[in-house]
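Structure first, then comments.
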Amino acid sequence: SLLIIVVLGSSVWLELKQAVEQQRAQNVVRVENQVTLLENIFDAEFSNVVQDLLLLNRNVRFGSINSLLSQRENILQSWTDILLTHNKYQQIRFIDTNGDERLRIEKTTTDGRVIIPDALQNKAKRDYFIHGMQLETGQILITDFDLNQEFGQVQIPYNPTIRFIAKHPLGLIVINYSLIELFADLADVVKDQIYLINEHGYFLAHSNI
């Protein structure tokens, strides 16, 4: 009897082990499929932003800052139309070679209106400006993820941001791309909690963040 019980117990244990391993394998496949899906979404989304940025860069055809500023209203109106049709775009800016913002529009976090800030800022010390100025004319830079800063202070509420930068002969054209809406869209797609980690091991998205 003891032998039969041991044999039966071993059989049940093996079945349970196989069931657990099968479930684990299914979970691995499910997660791999979700990761592939998210990669495709990122690639498609970011490719669209790059195309918009290249178009913006081609449309700013001026030989001097003064000639650029003389068309200020027309440029800002066309940028406003872009911001209003892209819910993830938060700012579009032109920054000259000294790091001074010359043109800037932004979307409010409360009602989505597009505004023209009264005070422009100098961004010469920001990493994205320094790296952007090292580009060749027409080249594109997609920055690392960070929290948006205004006048040297992290924006509250937090606004996780990636900057898409195009090198222009007179400076840089920058699209600030907010990740808040993108993270929400990704969560809707996979129907699970999403934890995004960069190559340095830092969380970009977490259920407790």
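None of the figures in this text is laboratory data; all of them are computed from the coordinates on show. Computed from a predicted structure; not experimentally measured. Methodologically, a virtual Cβ is constructed for each residue, glycine included, from the backbone with ideal geometry; neighbour enumeration extends over all protein chains shown.
Treating the beta-carbon of each Lys and Arg as +1 and of each Asp and Glu as -1, no other charges, what is the dipole magnitude of the stretch 93-153 about its Cα centre, to the nearest 20 debye?
The dipole magnitude comes to about 100 debye.
Under a straight-distance cross-link criterion of Cα-Cα below 20 Å, which aspartates and glutamates are reachable from Lys123, leaving out those fewer than 8 residues away in the same chain?
Asp96, Asp100, Glu101, Glu106, Glu136, Asp144, Asp146, Glu150
Under a plain spin-label model, where a point goes 7 Å from the Cα along Cα-to-Cβ, how far apart in nm are Glu21 and Asp146?
4.9 nm
Along the charge dipole of the stretch 38-136, pointing to its positive end and built from +1/-1 on Cβ of Lys, Arg, Asp and Glu, which listed residue (Leu38, Val60, Thr108) has its Cα farthest out?
Val60
Can you tell me the order of 64-72, 79-87 when each peptide is scored by its average per-residue count of other Cβ atoms within 10 angstrom, highest first?
Those peptides, ordered most packed to least, come out 79-87, 64-72.
Starting from the amide H of Lys123, placed 1.01 Å from N in the peptide plane, find each other amide H under 5 Å away whose residue is 5 or more places distant or on another chain.
Here Asp100, Glu101 satisfy the definition.
Within the stretch 160-185, which residues have the backbone N less than 14 Å from the label spot 7 Å out from Asp127 along Cα→beta-carbon, could you tell me?
Taking a point 7 Å out along Cα→Cβ of Asp127, the residues of the stretch 160-185 whose backbone N falls under 14 Å are 161-163.
Provide the FRET efficiency to the nearest 0.05 for the Asn98-Arg58 pair, computing r from the beta carbons and using R0 = 22 Å.
With a Förster radius of 22 Å, E is 0.40.
For Glu150, which sequence-distant residues (separation of 5 or more, or a different chain) have an amide H within less than 5 Å of its own amide H, given hydrogens modelled in the peptide plane?
Gln155
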